[in-house]
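Enquirer: One structure follows; several queries about it will come next.
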Amino acid sequence: MSSNPPDEPPTKIENSSALSAKAEKMDPVAEIIGKTTTHTLRIQVTKPGEVGRNDFLSITHQGEEYLLLCKELWREKGKTTGQCSVVGPMPRTPFNPEMLVYKASPRIVSAALGIDIPIEESVYAGQLSDHTVPVRLPVKQLGRLFIVGKTGSGKSYTTAVIMEEFLKKGIPIVVLDRHGEYSSLKIPAEEGNERFNVEPRSYEMSVIEFADLHANPGADLPIEALLGTHPKDLIVSGQGTIINFRGLDLGIQEALSQEILNDLYQAAVNREIPPFYCFVDEAHLLAPNRGKAATTGMMRLIAQEGRKFAANLVVITQKPQLLDTTVRSQVGTWIIHQLTDVRDVDITVTSTEGISKDWGEDIQRLDTGQAVIAGDAVQVPVILDVRARETTHGATGFNPLDFAEPQTLEELEKRRIRLRTDFAGRIKAAVERFQQLSADANGGQAPQHVHALRTELQAAEQKLHQLRDENNKLAVRIRKLQIELEKTEKKYQKAMNIAERALAELKGKKK
Ligand SMILES: Nc1ncnc2c1ncn2[C@@H]1O[C@H](COP(=O)(O)OP(=O)(O)OP(=O)(O)O)[C@@H](O)[C@H]1O
Ligand SMILES: [Mg+2]
């Protein structure tokens, strides 16, 4: 039998400190077995089914409560054993053997993980997976944010959640939106969500969208007008500026991105604009790891130097391996959705601060809408269930006009007329510049057949994205139907059992 350190009372003590799990009326679920250290211990589960992989547990030692993460569990000879490590503050002396272990309370979890940040300074991202603990990420630590995940894993959804949070706080955002997805911020969700305490809300009065108006009739200003703006028009407290590239060919997308990123960076350096966040969707196209884009240099500069001037960057990609390594290496906080490509998983776990190799398995098993958060914003990596959106989730080419209520349509129209009047004087010159830029991007720099190929590639990309959206929707529908089918089968089975029992009873009586 193991002996206790001299400064500790005998084993199996339920601590009476005000902070103890007992004080919160929780039953123990396990007890310590074998050798302990100040940061790791082994547990024997006494309530099977109550302790799972990645669960948070708590233990009281010398009057202080400590948070444990159960990283591994195994069963042998009918007993469940687990390996735990301490998360957050560690004790000075090793834990006592045979101490009782409890389910961690939301209070200790959020305190030890450092996610109990005041609302004014944080972004409400969702809840810890399998818990009711809200995950609030410090805005200050999101200056270099990377959102990754395979197609359909929930990147755009999570990105929109972060955008909603910034808009709510009046933090200016500018979005380079390749697929025209984020104008959905103008339309409230159909319903709220009780678990996440989310009410439908629209940001139609906060969002200004520039786009090709033929392809995107719900946008506010023609894309050409963008070239008639000063960064001060784009970066305004409480405003979200969406630059919707849908329908434009790749050359002009790249040229416009280059202009905008350069102008924003210079304005930030000259302190002409307030702190802002720039969201770059499909970032691997503007800063590819192989080959070169005109924007690579600018993306690197903002990633490396932008923070000094409060020019913050959120990059989103489905393939971390395709993103420029300099941009990738500057990332402070990672939001990692499901990845299945082994190389992507490998790159992610090796370049993310605080993540060990064994997280690779968790990353491959995440559900849609779940993500691992690691890096500056959290003390230790955690698995998050991303909160429901306040606004509707829009697929490629989302047209707000198809979804808006009559009153919203009216408001949107009034606002659009006002914006177009404001910009009227600048649009003519901007159109000429736009045409020049277009000609340079497509004709001047690239031969005609390259231009044709680029256009074809872009059309194929748009189509692929559309098909992916449809595929995602079908997958969600299939899952719902499967659940319904399972429920119906269970009901049917229950009814059959009752009928069989009744029949047996009847037969018994007859005899
Ligand atoms: N947090 C979430 N809560 C509820 N549903 C979600 C969540 N995240 C994603 N979904 C669902 O999953 C679908 C795919 O999500 P999303 O469009 O964000 O994927 P993506 O990773 O951006 O894919 P792609 O790479 O193809 O753009 C959405 O249409 C939505 O229905
Ligand atoms: Mg997406």
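Enquirer: What pairs can you find where one residue is in region 160-188 and assigned to a strand (DSSP E or B), the other is acidic (Asp, Glu), and their Cβ atoms are less than 8 Å apart, with a gap of 6+ or different chains?
Expert: Pairs found: Val175/Asp281; Leu176/Asp281; Asp177/Asp281; Pro188/Glu390.
Enquirer: Quick one: how many residues across region 387-401 are within 16 Å of ligand 2 (Cβ to nearest atom) and part of a loop (DSSP other than H, G, I, E, B)? Don't jump to the end; show me each part of the working.
Expert: Looking only at region 387-401, we keep the residues that are within 16 Å of ligand 2 (Cβ to nearest atom), and these are 389, 391-398.
After this cut, where a residue has to be part of a loop (DSSP other than H, G, I, E, B) as well, the list is 389, 392-398.
Of the residues in that region, 8 qualify.
Enquirer: Only one residue in Glu190, Glu165 is within 14 Å of ligand 1 (Cβ to nearest atom), within 18 Å of Ile117 (Cα to Cα), surrounded by fewer than 22 Cβ atoms within 10 Å (Cβ to Cβ) and assigned by TED's automatic domain parsing to the domain that holds Ala215, so which one is that? Lay out the reasoning, then the answer.
Expert: Numbers: Glu190 fails: within 18 Å of Ile117 (Cα to Cα).
The match here is Glu165.
Enquirer: Now, a different point. Got at least one residue in region 228-246 being in contact with a strand residue (DSSP E or B) (Cβ under 6 Å, 6 or more places away or on another chain), assigned to a helix (DSSP H, G or I) and within 21 Å of Glu181 (Cα to Cα)? Before you say what the answer is, go through the steps one by one.
Expert: Looking only at region 228-246, we keep the residues that are in contact with a strand residue (DSSP E or B) (Cβ under 6 Å, 6 or more places away or on another chain), and these are 234-235, 240-244.
Checking which are assigned to a helix (DSSP H, G or I) leaves us with 234.
So of that shortlist, the ones also within 21 Å of Glu181 (Cα to Cα) come out as 234.
Yes, some residue in region 228-246 is in contact with a strand residue (DSSP E or B) (Cβ under 6 Å, 6 or more places away or on another chain), assigned to a helix (DSSP H, G or I) and within 21 Å of Glu181 (Cα to Cα).
Enquirer: Then there is this: Would a scan of region 133-140 turn up a residue that is within 16 Å of ligand 2 (Cβ to nearest atom) and either surrounded by fewer than 24 Cβ atoms within 10 Å (Cβ to Cβ) or under 25 Å from Pro400 (Cβ atoms) (or both)?
Expert: Let us first name the residues in region 133-140 that are within 16 Å of ligand 2 (Cβ to nearest atom), namely none.
Among the residues of region 133-140, not one is within 16 Å of ligand 2 (Cβ to nearest atom) and either surrounded by fewer than 24 Cβ atoms within 10 Å (Cβ to Cβ) or under 25 Å from Pro400 (Cβ atoms) (or both), which makes the answer no.
Enquirer: Please work out if Val198 is more than 28 Å from Leu437 (Cβ to Cβ) and within 16 Å of ligand 1 (Cβ to nearest atom). Reasoning before the result, please.
Expert: Values: more than 28 Å from Leu437 (Cβ to Cβ): yes; within 16 Å of ligand 1 (Cβ to nearest atom): yes.
Against the criterion (more than 28 Å from Leu437 (Cβ to Cβ) and within 16 Å of ligand 1 (Cβ to nearest atom)), Val198 qualifies.
Enquirer: Hey, Ile316 hits all of (1) more than 18 Å from Leu176 (Cα to Cα); (2) within 16 Å of ligand 1 (Cβ to nearest atom) but one; which does it fall short on?
Expert: Of the numbered conditions (1) more than 18 Å from Leu176 (Cα to Cα); (2) within 16 Å of ligand 1 (Cβ to nearest atom), the odd one out for Ile316 is (1).
Enquirer: Okay, next question. Counting only residues that are assigned to a helix (DSSP H, G or I) and within 7 Å of ligand 1 (Cβ to nearest atom), how many does region 148-159 have? Spell out the reasoning first.
Expert: Quick first cut of region 148-159, residues assigned to a helix (DSSP H, G or I) only: 155-159.
From what's left, within 7 Å of ligand 1 (Cβ to nearest atom): 155-158.
Residues meeting the conditions: 4.
Enquirer: Counting just the residues of region 426-441 that are in contact (Cβ under 8 Å) with a residue 60 or more places away in the chain and among the small types (Gly, Ala, Ser), which one comes out nearest to Leu221 (Cα to Cα)?
Expert: Selected residue: Ala430.
Enquirer: Can you name the number of the only condition in (1) among the aliphatic types (A, V, I, L, M); (2) assigned to a strand (DSSP E or B); (3) over 22 Å from Phe196 (Cβ atoms) that Val123 fails?
Expert: Against the list (1) among the aliphatic types (A, V, I, L, M); (2) assigned to a strand (DSSP E or B); (3) over 22 Å from Phe196 (Cβ atoms), Val123 comes up short only on (3).
Enquirer: Still on this structure, I have one more. Checking Arg144 against (1) surrounded by 19 or more Cβ atoms within 10 Å (Cβ to Cβ); (2) within 16 Å of ligand 1 (Cβ to nearest atom); (3) not aliphatic (A, V, I, L, M): exactly one of these is not met. Which one?
Expert: Tallying (1) surrounded by 19 or more Cβ atoms within 10 Å (Cβ to Cβ); (2) within 16 Å of ligand 1 (Cβ to nearest atom); (3) not aliphatic (A, V, I, L, M), Arg144 fails exactly one: (2).
Enquirer: Within region 94-111, identify whether any single residue is within 14 Å of the chain's Cα centre (by Cα), surrounded by fewer than 23 Cβ atoms within 10 Å (Cβ to Cβ), in a loop (DSSP other than H, G, I, E, B) and on the phi > 0 side of the Ramachandran plot, and answer yes or no.
Expert: Of region 94-111, the ones within 14 Å of the chain's Cα centre (by Cα) are none.
No, because not a single residue in region 94-111 is within 14 Å of the chain's Cα centre (by Cα), surrounded by fewer than 23 Cβ atoms within 10 Å (Cβ to Cβ), in a loop (DSSP other than H, G, I, E, B) and on the phi > 0 side of the Ramachandran plot.
Enquirer: What number of residues within region 190-206 satisfy the criterion of being at pLDDT below 95 and among the aliphatic types (A, V, I, L, M)?
Expert: Here the count works out to 1.
Enquirer: Is it the case that Ile208 is touching a Ser or Thr at 6+ places or on another chain (Cβ under 7 Å), of a type in the set (A, V, I, L, M) and buried (at least 24 other Cβ atoms within 10 Å of the Cβ)? Quick ask: steps written out before the conclusion?
Expert: Values: touching a Ser or Thr at 6+ places or on another chain (Cβ under 7 Å): yes; of a type in the set (A, V, I, L, M): yes; buried (at least 24 other Cβ atoms within 10 Å of the Cβ): no.
It is false that Ile208 is touching a Ser or Thr at 6+ places or on another chain (Cβ under 7 Å), of a type in the set (A, V, I, L, M) and buried (at least 24 other Cβ atoms within 10 Å of the Cβ).
Enquirer: Now, a different point. Please list, ordered by residue number, the strands (runs of 3 or more DSSP E) wholly in region 19-88 having 1 or more residues that are buried (at least 16 other Cβ atoms within 10 Å of the Cβ) and under 27 Å from the mean Cα position of the chain (by Cα). Walk me through it before giving the result.
Expert: Values: elements: 28-33, 40-45, 56-61, 64-76, 79-87.
In region 19-88, 56-61, 64-76, 79-87 are the strands (runs of 3 or more DSSP E) which contain 1 or more residues that are buried (at least 16 other Cβ atoms within 10 Å of the Cβ) and under 27 Å from the mean Cα position of the chain (by Cα).
Enquirer: Please go through region 352-388 and give me each residue that is crowded, with 16+ Cβ neighbours inside 10 Å, closer than 27 Å to Asn197 by Cβ and away from ligand 1 (no atom under 16 Å from the Cβ), ordered by number. Before the answer, list the steps.
Expert: Kept after step one, since they are crowded, with 16+ Cβ neighbours inside 10 Å, are these residues of region 352-388: 352, 355, 359-360, 362-363, 366, 368-378, 380-388.
Pick out the ones that are also closer than 27 Å to Asn197 by Cβ and you get 362, 366, 368-378, 380-388.
Of everything in region 352-388, those that are crowded, with 16+ Cβ neighbours inside 10 Å, closer than 27 Å to Asn197 by Cβ and away from ligand 1 (no atom under 16 Å from the Cβ) turn out to be Asp362, Ala374, Gly375, Asp376, Ala377, Val378, Val380, Pro381.
Enquirer: Read through the list (1) outside any strand (DSSP E or B); (2) under 24 Å from the mean Cα position of the chain (by Cα); (3) away from ligand 2 (no atom under 16 Å from the Cβ), then give the number of the only condition that Pro217 fails.
Expert: (2)
Enquirer: If you go through region 299-311 one residue at a time, how many are buried (at least 21 other Cβ atoms within 10 Å of the Cβ) and either out of contact with any Leu (no Cβ under 7 Å at 6 or more places or on another chain) or within 18 Å of Arg178 (Cα to Cα) (or both)? Step through it out loud before you land on a result.
Expert: Within region 299-311, the first condition is being buried (at least 21 other Cβ atoms within 10 Å of the Cβ), and the residues that meet it are 299, 302-303, 306, 311.
Then keep just the ones that are either out of contact with any Leu (no Cβ under 7 Å at 6 or more places or on another chain) or within 18 Å of Arg178 (Cα to Cα) (or both); that gives 299.
Adding up the residues that qualify gives 1.
Enquirer: In region 112-132, what residues are among the charged types (D, E, K, R) and either farther than 23 Å from Leu69 by Cα or surrounded by 20 or more Cβ atoms within 10 Å (Cβ to Cβ) (or both)?
Expert: Filtering region 112-132 for residues among the charged types (D, E, K, R) gives 116, 120-121, 130.
Glu120, Glu121, listed by residue number.
The values are calculated or read from the model by the stated rules, or taken from the named source; none is laboratory data. Everything quoted here is computed from the prediction, not taken from an experiment. All Cβ positions, glycine included, derive from the backbone under ideal geometry; neighbour counts span all protein chains shown.
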